[in-house]
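Remarks on the structure that follows.
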Amino acid sequence: MEVQSVSVSRRELLTGAAALAVLGRAGGWAPAAHGAAGDGELLRARPGTARLVPPGYPETPIWGYEGQVPGPAVRLRQGERVRRRFANELPEASTVHWHGIRLANAMDGAPGVTQDAVPPGAEFLYDFVAPDAGTFWYHPHERAFEQMARGLYGALVVEEPDPPQVDRDQVLLLDDWRLTEQARIHEESFGALGDWSHAGRTGNWITVNGDGAWTRTVAHHERLRLRLVNVANARIFSIDTRGLDGWLVALDGQPLAKLEPPAPLVLAPGQRADLVVDVVAGEGEKGLLFSREREGTFILATFAVSGVARATRLPVPSPLPANPVTPLGELGRARHATLRMEGGAMGRLRQAVLDGTTMPMRDLAARGKVWAMNGLAQMPQEPLFAARRGETVLLTMINDSAWPHGMHLHGHHFRPLSPSGEPGPLRDTVLTDPDETLRIAFVADNPGDWLLHCHMLEHSVAGMLTWFRVA
Ligand code: C2O
Ligand code: CU
């Protein structure tokens, strides 16, 4: 399949992408359903089909939660309990990881660390309290590079007790698929070392909520809360807007103390951003969310303006209330750890340790490993560090490779430090650029063994996976 036809030039963007009219599908706004707590609702991972591409192409066979792309949204209020009986109806083992939730360790869905992977035909009860309000998501953590590329993911939205005033609250799950001419998932390239040693599996078809031309009708001056989630295996979105004006209010489910401009916004795999925007495009015009990339500019979401919601814009919103995340302790007394990331194409890695043996790159590659962290090309026996509960940890991440890596910490949120040591906004996933050294700090206050890995899923499986312990 050719690179998506919704790729448009800057000029087309300005004149309003006529081609999209062909692709646009009518669709109502789904009302926000509240997940019932306490009943252990079923969440089945199973094969299904999805209309990812325009009519004229066949539907795509996928794997999805409840057989859908995306899976059902899990929505609850802050402090409420999520209870889902996960049933694996896939031909291979799987788990559910609740990305970004600071939950009890046993519910984290990390196979081999917090639970055994759930075999085909078996079930696992996930039951946890969501302490933070914000935008989160769920996805498998077993063979994620394949299972997520096939469509297994869903939104997990935790509402504030007193949410900001908006007219619509919309989750937008941004995905990137590699499809064949027949709109089938390109299966031959699962495990392709070329992807694993480069940027990861990037695709040729971008969807929002499983739709290649996601469009909704809105009114002028309507206020929208857009919850963006990058669920792609490897694609980094560089997001910008047109005809929508407002604020970035949260990153990775954690409110910003001060509102920021909504764009430009870089969203690495795993990351989220909450925008509160007003439709400033006029009647008959379009508000657009798009991504500027090397291959072109892709429209992600189209908001066609019809009618007027109000004569003037709503007042500037206040920042969202902070979540109960433990404040950083004194950095001067923090526990230090270092993570050196090496490998990949055009890298300097010559050898690394696998199964207790130091091997040259060629032998590692023959075993599907092309990355190393601290010289090890696999999940280590020993933790990267063991912290006392409540201790502040300062982790230095050195990206000694030619590729960006989106590093994700389980069970905790951290603050990236500026070069001068100023703590930035809370995150659970942070992008490190080639040759960048980035320090992050967090309070290790959630007991258990937790993963730390690259969220470019091909990198993770090819060596970029480690863990730490909070005692
Ligand atoms: Cu979203 Cu360990 O993953
Ligand atoms: Cu990576």
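So, in nm, how far is label ARG85 from label ARG292 when the simple model puts each one 7 Å beyond its Cα toward the Cβ?
5.1
Whole angstrom only: what separates the Cα centroid of the range 293-365 from the Cα centroid of the range 50-100?
22
How far, in nm, would the chain grow between ALA366 and ALA192 when pulled straight, counting 0.36 nm per residue and subtracting the alpha carbon separation?
Working: separation 174, 0.36 × 174 = 62.64 nm, distance 1.15 nm.
Using 0.36 nm per residue and subtracting the Cα-Cα distance, I get 61.5 nm.
Taking only DSSP H segments of four or more residues, each worth -39500 (n - 2.57), what value at 222 nm results for the chain once the sum is divided by all its residues, to the nearest 500 deg cm²/dmol? The partial results should precede the final answer.
Details: 6 runs with 31 residues, N = 471.
Taken over the chain, the calculation gives -1500 deg cm²/dmol.
Starting at the first residue of the range 434-441, write each ³J(HN,Hα) from the Karplus equation 6.51 cos²θ - 1.76 cosθ + 1.60 with θ = phi - 60°, in whole Hz, x for Gly and Pro.
For the range 434-441, the Karplus curve yields x, 6, 8, 10, 10, 9, 10, 9 Hz.
With each pseudo-label sitting 7 Å past Cα toward Cβ, what's the ARG77-THR437 distance in nm, one decimal?
4.8
Would you mind telling me the antiparallel percentage of the DSSP bridges in the chain, rounded to 5? Can you show the working numbers first?
Details: 96 of 132 bridges.
Of those bridges, close to 75 percent are antiparallel.
Just to verify a number: FRET efficiency for GLN68 and GLN165, C-beta to C-beta distance, R0 = 30 Å, to 0.05? Spell out each step's value before the answer.
On the way: r = 31 Å, r/R0 = 1.02.
For R0 = 30 Å, the calculated efficiency reads 0.50.
If you filter the range 124-205 for GluC sites (Glu not before Pro), then keep DSSP loop positions with at most 10 other Cβ within 10 Å, what is left? Kindly include the intermediate steps, with their values, before the conclusion.
Values: sites: GLU142, GLU146, GLU159, GLU181, GLU187, GLU188; in loops: GLU142, GLU181, GLU187, GLU188.
The qualifying sites are GLU181, GLU188.
Peptides 125-132, 309-316: what's the order by average Cβ count within 10 Å, highest mean first?
Working: 125-132: 18.2, 309-316: 11.5.
Ranking, from highest mean packing down: 125-132, 309-316.
What's the local net charge at GLN170, with K and R +1, D and E -1, over the other residues with C-beta under 9 Å away?
Working: positive: ARG168, ARG216, ARG225, ARG227; negative: ASP169.
Residues close to GLN170 contribute a combined charge of +3.
Using Cα centres only, tell me the gap between the range 412-429 and the range 192-222 in whole Å.
A separation of 27 Å, based on Cα centres.
Can you give me the long-range amide H partners of ARG340? Hydrogens built in the peptide plane at 1.01 Å from N, cutoff under 5 Å, separation of 5 or more residues or another chain.
Hits under the 5 Å cutoff: ASN374, ILE398.
How far apart, in nm, are two points set 7 Å out from the Cα along the Cα-to-Cβ line at VAL316 and at GLN381?
Between VAL316 and GLN381, the simple spin-label model gives 5.8 nm.
So what is the relative contact order of the chain, in percent, for Cα pairs below 8 Å that sit 6 or more residues apart?
On the way: 1292 pairs, mean separation 66.5, N = 471.
Relative contact order here is 14 percent.
Give me the distance between the Cα centres of the range 223-279 and the range 449-465, rounded to whole Å.
Cα centres, the range 223-279 to the range 449-465: 24 Å.
Please give the length that would be gained between ALA106 and SER418 if that part of the chain were fully extended, namely 0.36 nm times their separation in residues minus their C-alpha to C-alpha distance (nm, one decimal).
Values: separation 312, 0.36 × 312 = 112.32 nm, distance 3.32 nm.
Residue separation times 0.36 nm, minus the Cα-Cα distance, leaves 109.0 nm.
When Lys and Arg each count +1 and Asp and Glu each count -1, what net charge do the other residues less than 12 Å away from SER94, Cβ to Cβ, add up to?
On the way: positive: ARG44, ARG46, ARG143, ARG150; negative: GLU89, GLU92, ASP116, GLU123, GLU142, GLU146.
The answer is -2.
Taken together, the values in this text are just the output of simple stated rules run on the coordinates, not laboratory data. None of these values were measured; they are calculated from a predicted model. Positions of Cβ are backbone-derived with ideal geometry, glycine not excepted, and every protein chain shown enters the neighbour counts.
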